[in-house]
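These notes are about the structure you will find just below.
The values are calculated or read from the model by the stated rules, or taken from the named source; none is laboratory data. Fair warning: this is a prediction, and the values are worked out from it, not measured in the lab. We place every Cβ from the backbone using ideal geometry, glycine too, and count neighbours over all the protein chains shown. For accessibility, only protein heavy atoms count, side chains too; no ligands or nucleic acids. Shrake-Rupley method; radii C 1.70, N 1.55, O 1.52, S 1.80 Å.
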Amino acid sequence: VVPPKKPPILVVRVGVGVLIKDPQHPHKVFAGLRKGSHGAGTLALPGGHLEMNESWENCAAREVMEETGLAITNICFGHATNDPMPDEKKHYVTIFMMAKCVLDDSSDGKGKAVVPK
């Protein structure tokens, strides 16, 4: 006898999005196209899920590094949203952090975003 399947446990997830000021254009932020998740093909900020016992600042730095290869600094809280998505059976609380891209000013004086090797 096969026991009946239990319904999935629905939980609220915590996402962290990061507004990174473009050092060359201070009124612009970095964004990319979403792949393989809700909103695929649309513009989105770098970010992802908060891990257990992780600070918002560490999550922001980790996700930006994973998704863009950029190092960030001056990470601080920006805003939070409550994002229920009943059609997708998802619910997120999204923490928006703000940061600046770390620059390497050693080359030509213009500065370039630091991409660690």
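A few notes on this one:
- Along region 43-51 the Karplus relation, 6.51 cos²θ - 1.76 cosθ + 1.60 evaluated at θ = phi - 60°, assigns HN-Hα couplings of 6, 8, 6, x, x, x, 7, 6, 8 Hz to successive residues, with x for each Gly and Pro.
- Distant-in-sequence amide H partners of residue 22 (H built 1.01 Å from N, under 5 Å): 28, 29, 30
- In Hz, Karplus ³J(HN,Hα) per residue of region 11-24 (6.51, -1.76, 1.60; θ = phi - 60°; x = Gly, Pro): 10, 7, 9, 10, x, 10, x, 10, 8, 9, 5, 6, x, 7
- Reported label for calculated log10 I(q)/I(0) by the Debye sum over Cα atoms at q = 0.10, 0.12, 0.16 Å⁻¹ given (i) -0.37, -0.53, -0.89; (ii) -0.76, -0.85, -1.01; (iii) -0.38, -0.51, -0.81: (iii)
- Here's the list of aspartates and glutamates a cross-link from residue 35 could span, going by alpha-carbon distance under 20 Å and ignoring same-chain residues fewer than 8 apart: 63, 66, 67, 83, 87, 88.
- Axis of helix 56-68 versus longest Cα principal axis of the chain: the two differ by about 80°, to the nearest ten degrees.
- Ranked by how many other beta carbons lie within 10 Å on average, peptides 62-72, 86-96 from highest: 62-72, 86-96
- When the Cα positions of 47, 69, 81 are compared along the charge dipole of region 25-105, 81 comes out farthest toward the positive end, with charges on each C-beta of Lys, Arg, Asp and Glu.
- For the peptides 15-27, 40-52, residues were scored by their other Cβ atoms within 10 Å and the scores averaged per peptide; the highest-first order is 15-27, 40-52.
- Net charge dipole size for the chain [Lys, Arg +1 and Asp, Glu -1 on Cβ; Debye, nearest 20]: 340 debye
- Rounded percent of accessible protein surface that carbon and sulfur make up, the chain, 1.4 Å probe: 60 percent
- Whole-number accessible area per residue in Å² for region 1-57, which is evaluated in the context of all protein chains at 1.4 Å: 81 Å²
- The chain - percent relative contact order, Cα under 8 Å, separation 6 or more: 29 percent
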